[in-house]
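A short worksheet on the structure shown next.
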């Protein structure tokens, strides 16, 4: 169980993500002003959609805060709660394995597009 805070920015049309425990991808993508779904920024890819699009335009620094306790996730983007205490129903494509009960690494997707990070902090959930 942990909390993760990431500050990042990307150029136009970029696409990346952060894998929680190596199994659940939180999407990072240039989606400013677009209709939301689970494939948009802050969503748990293929499973959970943000309630609002709180993204900033490409080139602007953004802050993502994620709390994961068991399979219950809360996600804030730029100070807005976009997913609140929702159960992640399954793994994301590209997951290391399907054993959701085991600890796993934090992974940064790096094969879809450029993203810069200037802060990445992981602490135990309290």
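The values are calculated or read from the model by the stated rules, or taken from the named source; none is laboratory data. Quick caveat, the model's predicted, so the values are computed rather than measured. Note that we place each Cβ from the backbone using ideal geometry, even for glycine, and neighbour counts take in every protein chain shown.
General remarks:
- In the set (1) at pLDDT below 95; (2) within 20 Å of residue 115 (Cα to Cα), residue 37 fails one condition alone, (2).
- Residue 6 being out of contact with any helix residue (DSSP H, G or I) (no Cβ under 8 Å at 6 or more places or on another chain), outside any strand (DSSP E or B) and surrounded by 15 or more Cβ atoms within 10 Å (Cβ to Cβ): no
- Candidates 95, 54, filtered to the one that is buried (at least 17 other Cβ atoms within 10 Å of the Cβ), over 11 Å from the mean Cα position of the chain (by Cα), without any contact (Cβ under 8 Å) to a residue 40 or more places away in the chain and part of a loop (DSSP other than H, G, I, E, B): 54
- Scan of the stretch 31-45 for residues that are in contact with a strand residue (DSSP E or B) (Cβ under 8 Å, 6 or more places away or on another chain) and surrounded by fewer than 23 Cβ atoms within 10 Å (Cβ to Cβ), ordered by number: 38, 39, 40, 45
- Single match in 48, 96, 20 (criterion: within 17 Å of residue 121 (Cβ to Cβ) and either out of contact with any helix residue (DSSP H, G or I) (no Cβ under 8 Å at 6 or more places or on another chain) or at pLDDT 95 or above (or both)): 20
- Residue in the stretch 67-77 that is surrounded by fewer than 14 Cβ atoms within 10 Å (Cβ to Cβ) and not in a strand (DSSP E or B) present: yes
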